[in-house]
Amino acid sequence: MEQEILSKMEAAIGVMQRYVELGHSLSCAYSGGKDSTCALVLMVEAIRRAGGTTITHHVQSADTTIENPTIANFLHSVLDELQLYVEASVLPVQVHVTTPSLASQFVVSTIGRGTLVRTPENGVRDGRRTRACADEWKVRPGGRLRTLLERRAAEDGAREVITVLGLRRDESTSRAVAMAERRDSAEVAVRSRTGALTLSPLSEWTSDDVWTMLALLADAQSLPFPSPLMPSTIHRLSEIYRAGNGGTCGVVVGDSGARASCGSRFGCAICCVSGDRDKSLEAMIEDEQYGHLRPLNDFRNYLLAIQWDMSRRELVGRSLSDAGYTRIQADTYSYLTRVGLLKMLCSIDAAERDRAEAHSGALATGLIPDTEENRLLCEPQFEFVTPQQLVAIDFFLSMHHYAPHAFPALAVWHDVNVLGRRYPVPKIDGLPKTDIVLHGWYHVGQYDRDAPSVGLRSFDAEQWNPYRHPGRPGRYARTTGGEQTVYFEEASQFEVDAEAACLFVTCTYDTAFMLDAQHRDAIDSAHFWLNEGIVKLPTGMAQRYQEMAKRGQYFARLAQRLNLTTAELDAHLVENAVGDDEHQALLGYDTTQLSLFTEAAYPQPSF
């Protein structure tokens, strides 16, 4: 058995070594799982054997910011270990970790912008299952990195970059079909639909092959070449898979006997695409060592349970029709739902810090044994809402029409982390899938019909900026549509200054500041973040954010003018919306002709 896997390993190394010697740059897509760990070790060995190459090779990983913390922490420890090996061996290998753009990260997108989480029900388009989350969090950041690496390879005089993947046909039927369609190969680099070259050295391996190789890696004496990973690292990987399989995984790392395959699958800790249950996470939390992950599973199940609760959805549409109307229909998460989710996640983060502190005390006083696992657990294992993300969330929430005051997200953070309140995740039953009713269209003009709004324009900033920021042309800041706004800076994508955000959240925003902000309009904090340069808008996109701000300010002012509560405003919008036919007529469409066109395009079956 060992001789057979050694032959497969040598074959994979040989193929990659040949590509290195031909002048290609290799780039391993490393996820921290068992398959990509094997692919990583094999690629590094191929580069070592090629020797003397001046071409730079790469290891790239994706951090979605909501990975299973155990896997994420393991991945980063492997990358640190790999970096030490590369430096000691003087290998031309660079390590990269990609992250989604700030605006598309889960907590910012879901809580700040109200984007619905992806589930099996909303993850199908044109009969094919899609994962927009994977596209935003992994594919696009990875594509940007690959473009950069291709450019660097060309500058170094190298041939194309070949991405090394840890894909296997026997992993699942769907995986085998997809690999067959792409013609993935272990022997020849193939071109993907995007035009990139990929190589799958493990494509014909079985799960048993993978675990046998890992068993060899766990014993430094059994390998014919030096491994970049220590045996203890491999043992830890095996332990993670065992825990994810309910403690019944048949793998015995280091033992040369037969091994049963382990089917544990890990992904995002808050992944709802996996269906009703996250079996691997559920199995892990039954182990005391991973009990701290239980709140994450509860939060994930809560998100799944509320997906068809229309009372938790936003009614106000996000765009205007040509007639100056906005759609009134359940869409994104409502403001109260978003704030509730933020309270829960902040509480989960705070509870993890409390757990780590208590665990550290127990270790120091001898109440628990001094083991490597216990030492690791003395540090918080995750933080799902960082100060940078919190400021981004606050920026978006402060433009919402139901935000009651300035700095709404920071008020939640202060409530949990300073005042000490905790908001546990409730366990509720989900509602059945339902149709999303169109209530009609509400007339707003250009957000100027009944309650004119100026959006991101700040008269206070225009008054004080000449004194606070001499020389700044703040009063002349304009969008691409020519609308005047508060001073803002631009970047290649939506950005928040992480250092400034941390300083403001943890030092400046104290209880006195929080109480003073209760009396200021919500949008004032959006003005503040932009005017101080802490939040930067994507280049050329200021008009889009201006429209967002005007929409929120318009409905906030409408509620104030009509003296309506949030619930009363929703009812007012529904009661005063015009029907779809009337709106089509306002647009100049003939609904009768549209109906005839529909019938012609989609003829009814005859019986």
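The values are calculated or read from the model by the stated rules, or taken from the named source; none is laboratory data. Source: prediction; values computed, not measured. FYI the Cβ positions are ideal-geometry reconstructions off the backbone, even for glycines, and counts take in every protein chain you see.
Would you call Arg294 free of Cβ contacts under 8 Å to residues at least 24 places away in the same chain, of a type in the set (Lys, Arg) and not assigned by TED's automatic domain parsing to the domain that holds Gly33? Judged against the criteria, Arg294 is a match. Among the candidates His359, His401, the residue that is outside the structural domain of Thr99 (by TED's automatic domain parsing) and either within 19 Å of Phe106 (Cβ to Cβ) or not in a helix (DSSP H, G or I) (or both) is uniquely His401. Based on this model, can you work out whether Ala323 counts as aliphatic (A, V, I, L, M) and either touching an Asp or Glu at 6+ places or on another chain (Cβ under 7 Å) or surrounded by 15 or more Cβ atoms within 10 Å (Cβ to Cβ) (or both)? Spelling it out, Ala323 is indeed aliphatic (A, V, I, L, M) and either touching an Asp or Glu at 6+ places or on another chain (Cβ under 7 Å) or surrounded by 15 or more Cβ atoms within 10 Å (Cβ to Cβ) (or both).
Total residues in region 362-375 satisfying the condition of being over 21 Å from Ile240 (Cα atoms) and in a helix (DSSP H, G or I): the figure is 3.
Close contacts from region 491-517, counting a first residue that is closer than 27 Å to Gln543 by Cα and a second that is in a helix (DSSP H, G or I) and small (Gly, Ala, Ser), with Cβ to Cβ under 6 Å and a gap of 6+ residues or different chains, come to Phe494/Ala103; Val496/Ala392. Of the residues making up region 264-273, not a single one is in a helix (DSSP H, G or I), modelled with pLDDT under 95 and buried (at least 21 other Cβ atoms within 10 Å of the Cβ).
Among the numbered conditions (1) over 30 Å from Arg449 (Cβ atoms); (2) aromatic (Phe, Trp, Tyr); (3) modelled with pLDDT of 95 or more, the only one that Tyr290 does not meet is (3).
Considering the conditions (1) at pLDDT below 95; (2) surrounded by 14 or more Cβ atoms within 10 Å (Cβ to Cβ), Ile523 is excluded by exactly one of them, (1). Filtered by the rule that a residue be surrounded by 20 or more Cβ atoms within 10 Å (Cβ to Cβ) and of a type in the set (Val, Ile, Thr), region 438-491 gives Val444, Thr479, Thr485, Val486.
Residues that are without any contact (Cβ under 8 Å) to a residue 12 or more places away in the chain and either of a type in the set (A, V, I, L, M, F, W, C) or not in a helix (DSSP H, G or I) (or both) within region 158-184 comprise Ser172, Ala176, Val177, Ala178, Ala180, Arg183, listed in sequence order.
Looking only at region 277-294, count every residue that is in contact with an Asp or Glu (Cβ under 8 Å, 6 or more places away or on another chain) and crowded, with 19+ Cβ neighbours inside 10 Å and tell me the total. Counting residues in region 277-294 that are in contact with an Asp or Glu (Cβ under 8 Å, 6 or more places away or on another chain) and crowded, with 19+ Cβ neighbours inside 10 Å gives 1.
Taking every residue in region 345-370 that is surrounded by 12 or more Cβ atoms within 10 Å (Cβ to Cβ) and pairing it with any residue that is among the aromatic types (Phe, Trp, Tyr) and assigned to a helix (DSSP H, G or I), at least 6 positions away or on another chain, the pairs with Cβ-Cβ distances below 8 Å are Leu345/Phe299; Cys346/Trp413; Ile348/Phe299.
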